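Reviewing the structure listed below.
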Protein chains: 2
Amino acid sequence: MSQAAIAQIFKALGDPVRLQIVQRLSNGAALCLGELSKDLGISRQGARKQIQALVSAKVVQLHPTGREVKVQLDAATLAQSKAFITALEAQWDERLQALKQFTEQ
Amino acid sequence: MSQAAIAQIFKALGDPVRLQIVQRLSNGAALCLGELSKDLGISRQGARKQIQALVSAKVVQLHPTGREVKVQLDAATLAQSKAFITALEAQWDERLQALKQFTEQ
DNA sequence: CAAACATGCAACCAAACGGTTGCATTTTTT
DNA sequence: AAAAAATGCAACCGTTTGGTTGCATGTTTG
């Protein structure tokens with residue numbers, strides 16, 4: 001996992017509209033583009049652009065079926081972003097631990 | 001934790017330069033602005049802007065001491081972003097579980 | 001076949017972003 | 001007191017972003 005790829009995932013999650021889309025997808029079944037575009041306060045094409053950003057970051061996958069396109073969360077990508085933060089925290093804790101040992105000497 | 005605040009955290013992490021800064025801070029002790037600005041491939045003032053973005057998102061805290069300013073990771077904010085992803089995954093898994101039960105009937 | 005539906009494509013626009021340069025200010029060091 | 005170090009502030013600039021509108025295309029449904 002390159003630094004750039006991780007950054008792209010976070011960037012994709014770093015917008016209220018896209019975050020709402022992701023949350024809605026985690027709540028229930030895979031939704032098609034039209035359904036997902038509702039209640040976001042922006043136009044269908046506007047929503048489509050945001051969804052495309054999620055696709056580019058692989059946060060979400062598209063599955064065209066007939067005249068509609070289903071949108072599905074990519075659990076693996078979410079897991080990677082979580083793993084990144086976990087790794088940061090691990091280094092952080094390690095350092096705090098070392099600092100504690102040093103001050104206790 | 002508002003949706004907007006979470007989005008701001010992810011947005012702050014969604015840039016290669018800022019991600020590198022965060023990583024460097026997790027590796028070792030708190031660094032001052034000047035040190036942090038080195039080896040990023042951009043000017044000091046450019047780096048300063050990126051650090052300010054991290055401050056606004058509360059990913060990082062500033063501690064002025066004399067003529068220099070120390071930069072420190074905010075572990076609590078990182079924990080919140082991780083918690084958000086964990087919650088997403090939980091809902092996701094719950095749904096998969098429900099789906100499995102349904103198909104097994 | 002015609003109407004309705006779900007989507008795609010492209011041009012356009014204001015605002016935000018990522019970066020620069022130049023200069024002023026405060027704190028150390030010598 | 002003078003030089004050096006660390007930072008702040010502000011203007012500027014090209015590119016990206018987040019959104020719009022208008023219209024074309026493929027797919028169901030009646």
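Brief remarks on what is shown
- Extreme residue, nearest to DNA strand C (Cβ to nearest atom), among residues of region A:1-30 that are modelled with pLDDT under 95 and within 19 Å of residue B:89 (Cβ to Cβ): A:30
- Some residue of region A:31-43 being among the small types (Gly, Ala, Ser) and within 16 Å of the chain's Cα centre (by Cα): no
- A count restricted to region A:63-86 and to residues that are of a type outside the set (Val, Ile, Thr) and over 15 Å from the mean Cα position of the chain (by Cα) stands at 6.
- Residue B:42 under 17 Å from residue A:7 (Cα atoms), within 14 Å of DNA strand D (Cβ to nearest atom), more than 13 Å from chain A (Cβ to nearest Cβ) and in contact (Cβ under 8 Å) with a residue 12 or more places away in the chain: no
- For region A:86-93, the count of residues that are facing chain B (nearest Cβ under 10 Å) and of a type in the set (D, E, K, R) is at least one.
- Tally, over region B:22-39, of residues that are in contact with a helix residue (DSSP H, G or I) (Cβ under 9 Å, 6 or more places away or on another chain), touching a residue at least 40 places away in the same chain (Cβ under 8 Å) and of a type outside the set (S, T, N, Q): 3
- Count of region A:1-25 residues which are more than 11 Å from the chain's Cα centre (by Cα) and at the interface with chain B (Cβ under 7 Å from one of its Cβ atoms): 3
- Top-ranked residue of region B:23-37 - restricted to ones that are within 11 Å of DNA strand D (Cβ to nearest atom) and in contact with a strand residue (DSSP E or B) (Cβ under 8 Å, 6 or more places away or on another chain), ranked as nearest to residue A:85 (Cα to Cα): B:30
The values are calculated or read from the model by the stated rules, or taken from the named source; none is laboratory data. Here the structure is a predicted model, which means the values were calculated and not measured. In this analysis, Cβ positions are derived from the backbone assuming ideal geometry, glycine residues included, and neighbour counts consider all displayed protein chains.
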